[in-house]
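*Asks:* Quick one: structure below, then a few questions.
The values are calculated or read from the model by the stated rules, or taken from the named source; none is laboratory data. Remember, predicted model here, so these are calculated numbers, not experimental data. A quick note on method: Cβ atoms are made from the backbone with ideal geometry, for glycine too, and the neighbour counts reach across all protein chains shown. Heads up: the accessible areas ignore ligands, DNA and RNA and are worked out on the full protein's heavy atoms, side chains in. Shrake-Rupley method; radii C 1.70, N 1.55, O 1.52, S 1.80 Å.
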Amino acid sequence: SLSKLQLKTGDLDPRLFSRLRHLQKLDLSDNLLDKFPNSLTLPDLRVLNCNNNKLEDVTALKQFPLLEELNYENNVYLTLNDDYKVMFLLQNLRLLNGKDITKLANHVRRVNSRKLTSKVTAHWEKFFRDQLPEKYTAEQVKSIRKKFLKSVQTNVVYGPSSLSEFTRWRVKMIAEEFLAYSLGLELNSDTEPEEKMEESEEESTESPREAAEDVAQVGDFSSYISNVTVTPSKRKRNNSKSSPGNKRSKSQANTEEEAEDVSAEPLHFLQCHSKGNSREDFKTQLWSCVFEPVLDSGARKDPIVSSSRTVATCGGESVCLIDCETGTVLKKYKVAAEEFFSIAWTTLTMVVSDSRKKAHNILAAAGRRGIVKLIHVAADFCYGEIKAHKKPIATVCFSPTRETHLFTASYDKRIALWDIGIPDCDYNFKASQLLVLEAVSIPLRLALVPTCPEQYLLAGCEGGCFAWNIKLDKGQKSRPFEAIFQFPDDESMTTSHRVDGLAFLNDDVVVSKSSKPGCIYLWSWSRTFEAKGKGCQRTVSAVILAELEWSTTDMSYLTLSTCPAKDYVFCGDENGSVWMYNLSNYTTAWGSAKGKRSERRISPTQILKWPELQVNGEQPPEILVNNVVADPAFTYLVVLTSVNITAIWKKS
């Protein structure tokens, strides 16, 4: 018994376990195992208990061929598909999670396999046999093998949709065995990524092992981006006064003055959102990235404690989950004909087996089709969708205080508040619309006021920056905006400008970016809203605290982000660079009642330059940084571009 020892996978040393030649019963329950090493051996193992771990895959259990009893309850990542896999892999298994599965296992091993083999063979005969000439080259065989494996996994279906992952897994196995027998091919000889058949299957969720099949496509990008030369520009704080006329030269110069110099190194360059997994796709725009909240941290409100290294990204037809440290694409979710613009995380407490409750992270993804997809990431399952708008959804965000409340902002010039409900153990859920906020132009960015997230919402729109009262006890379901904010424009104040960047730096300081070139404003929410008073006046001048010096481009939709725990603001530009501002020296003064506006523009603490990347011997085309986001502890910086490249930097 090795139960309740906080064991992780690395603690199971194959050199030790392989000596236990006669071990028959092993209890590894209540540990932290995410997988089994492949070479534990244990040739006589009959009973294995690994309840209450974090197992993600069961295929390594095939190394225990004499196993008769297996328990792995309360491993949240395992699904019905995994039950069927172990029934097939372990020919002597009688009891699974306390239930006699002898009859069902025989069906899986015999009837299911016979039916699938028949379908695979028929698919070859009908669509592929005539494509192979009598005398064929190795290259022809390789090509047809790849096409056949892709086609057969998409088109051969059998049994309920809840078992589709198991069916694809078995179909691939049977197809490879069939090819090996028919054509004399070695099994698993082709390491090229398998592409998805878009025409035949609208949605797919890929588990970590399926995403690993794209290894040449994602991984570390090194399979086809070579000669990566890293030349980050480390910009120190420039305290000299700069005028708009010489802004560009100032921002590229280093001064001799002492300042914080954040050392950040590029870790990975990934191309994991390609249309049809094409290596030539440098056109798919990447739009949104959000770090996954850490479960069971016991301190969800402390951003640093609840920081993780897993980030979700979206662009084109796919949403990806990436481990920032390793550059591994952990999961990938696709919807053909969709273009995802925005994603957001929430943590729901769901009922699992035995009526116990457990916290799970749910990802909402939305885009061009106006539909919100709800994905239970750990289970590799898109369990539902909300047809939220008839026009595209520009952005989504969850309430930080009500985990089921989701805001969707659409090109229909409306922002809707939804209660997405909590799915039961069969993933039944009920979503309802709580509010509709009327905007006079397309909303692009949303920000809930940190001190009163259930009362006020800000939105950066095509036609200005607005605020709504979202309190639910007001009764009125459809609401106009409560305030529109004015900002300086040359000599006067104006409300009419595109606000394509909006975030809170702390409880009070708002950071907004407008269509005015080279301009990022920091302003006080409380002092601005106090100036509005209780009257019917809706136009309010923003109480500006400072301006940040930024690129002179008039390119829109290059959004900004903040790292409140570290007082940082980030914004990418039209040259692939990331402008970073450490504002910790200013925030205390701004927080005081008499905090005055900084007279000069604040220069970036540092500018991270895009490294010199060679793609097939050439530089990529013009690189726009659409979004840049740091994890709450500012360990990683994720940069999303207009050329289908995700760059991950690490602060050292």
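*Asks:* Restricting attention to the stretch 505-537, which residues are among the aliphatic types (A, V, I, L, M), open to solvent by 50 Å² or more (accessible area, probe 1.4 Å) and within 19 Å of ILE602 (Cα to Cα)?
*Replies:* Of everything in the stretch 505-537, nothing turns out to be among the aliphatic types (A, V, I, L, M), open to solvent by 50 Å² or more (accessible area, probe 1.4 Å) and within 19 Å of ILE602 (Cα to Cα).
*Asks:* Among (1) surrounded by fewer than 19 Cβ atoms within 10 Å (Cβ to Cβ); (2) not in a strand (DSSP E or B), where does GLN614 come up short?
*Replies:* Condition not satisfied by GLN614: (2).
*Asks:* For ASP323, state whether it is at pLDDT below 95, touching a strand residue (DSSP E or B) at 6+ places or on another chain (Cβ under 7 Å), assigned by the TED database to the domain that holds PHE634 and surrounded by fewer than 18 Cβ atoms within 10 Å (Cβ to Cβ).
*Replies:* The answer is yes for ASP323.
*Asks:* Sticking with this structure for a sec: Among the numbered criteria (1) open to solvent by 10 Å² or more (accessible area, probe 1.4 Å); (2) of a type outside the set (D, E, K, R); (3) assigned to a strand (DSSP E or B), which single criterion is violated by ALA337?
*Replies:* Tallying (1) open to solvent by 10 Å² or more (accessible area, probe 1.4 Å); (2) of a type outside the set (D, E, K, R); (3) assigned to a strand (DSSP E or B), ALA337 fails exactly one: (3).
*Asks:* Tell me which residues, restricted to the stretch 635-652, are open to solvent by 10 Å² or more (accessible area, probe 1.4 Å) and in a loop (DSSP other than H, G, I, E, B).
*Replies:* Answer for the stretch 635-652, where residues must be open to solvent by 10 Å² or more (accessible area, probe 1.4 Å) and in a loop (DSSP other than H, G, I, E, B): THR635, SER642, SER652.
*Asks:* I'm trying to understand the selection: among the residues of the stretch 394-439, which are surrounded by fewer than 15 Cβ atoms within 10 Å (Cβ to Cβ) and small (Gly, Ala, Ser)?
*Replies:* SER432
*Asks:* Among strands (runs of 3 or more DSSP E) lying entirely in the stretch 554-605, which contain 1 or more residues that are acidic (Asp, Glu) and more than 16 Å from ILE520 (Cα to Cα)?
*Replies:* Of the strands (runs of 3 or more DSSP E) lying wholly inside the stretch 554-605, none has at least 1 residues that are acidic (Asp, Glu) and more than 16 Å from ILE520 (Cα to Cα).
*Asks:* Residues ASN75, ASN81, ASN49: which one is assigned by the TED database to the domain that holds PRO160, among the polar types (S, T, N, Q) and open to solvent by 30 Å² or more (accessible area, probe 1.4 Å)?
*Replies:* Testing whether each residue is assigned by the TED database to the domain that holds PRO160, among the polar types (S, T, N, Q) and open to solvent by 30 Å² or more (accessible area, probe 1.4 Å) leaves just ASN49.
*Asks:* Here is a further query. Residue check: is VAL540 open to solvent by less than 60 Å² (accessible area, probe 1.4 Å), closer than 13 Å to CYS465 by Cα, touching a residue at least 24 places away in the same chain (Cβ under 8 Å) and of a type in the set (Val, Ile, Thr)?
*Replies:* So VAL540 passes the test.
*Asks:* Ok, one more. Quick one: which strands (runs of 3 or more DSSP E) sit completely within the stretch 1-117 and have at least 3 residues that are within 26 Å of CYS425 (Cβ to Cβ)?
*Replies:* In the stretch 1-117, the matching strands (runs of 3 or more DSSP E) lie at 69-71.
*Asks:* Scan the stretch 52-72 for residues that are over 33 Å from the mean Cα position of the chain (by Cα) and open to solvent by 40 Å² or more (accessible area, probe 1.4 Å) and jot them down.
*Replies:* PRO65, LEU66, GLU68, GLU69
*Asks:* Do any strands (runs of 3 or more DSSP E) lying entirely in the stretch 387-501 carry at least 1 residues that are under 30 Å from SER162 (Cα atoms) and assigned by the TED database to the domain that holds THR559, and which ones are they?
*Replies:* Answer list for the stretch 387-501: 393-398, 405-410, 414-419, 432-438.
*Asks:* So LEU104 clears everything in (1) closer than 23 Å to ASN71 by Cα; (2) under 31 Å from the mean Cα position of the chain (by Cα) except one condition, right? Which one?
*Replies:* (2)
*Asks:* Has the stretch 135-156 got any residue that is in a loop (DSSP other than H, G, I, E, B) and under 35 Å from the mean Cα position of the chain (by Cα)?
*Replies:* Among the residues of the stretch 135-156, at least one is in a loop (DSSP other than H, G, I, E, B) and under 35 Å from the mean Cα position of the chain (by Cα), which makes the answer yes.
*Asks:* Taking LYS331 and the conditions (1) open to solvent by 20 Å² or more (accessible area, probe 1.4 Å); (2) more than 17 Å from the chain's Cα centre (by Cα), which numbered condition does it fall short on, given that it satisfies the others?
*Replies:* All conditions pass for LYS331, except number (2).
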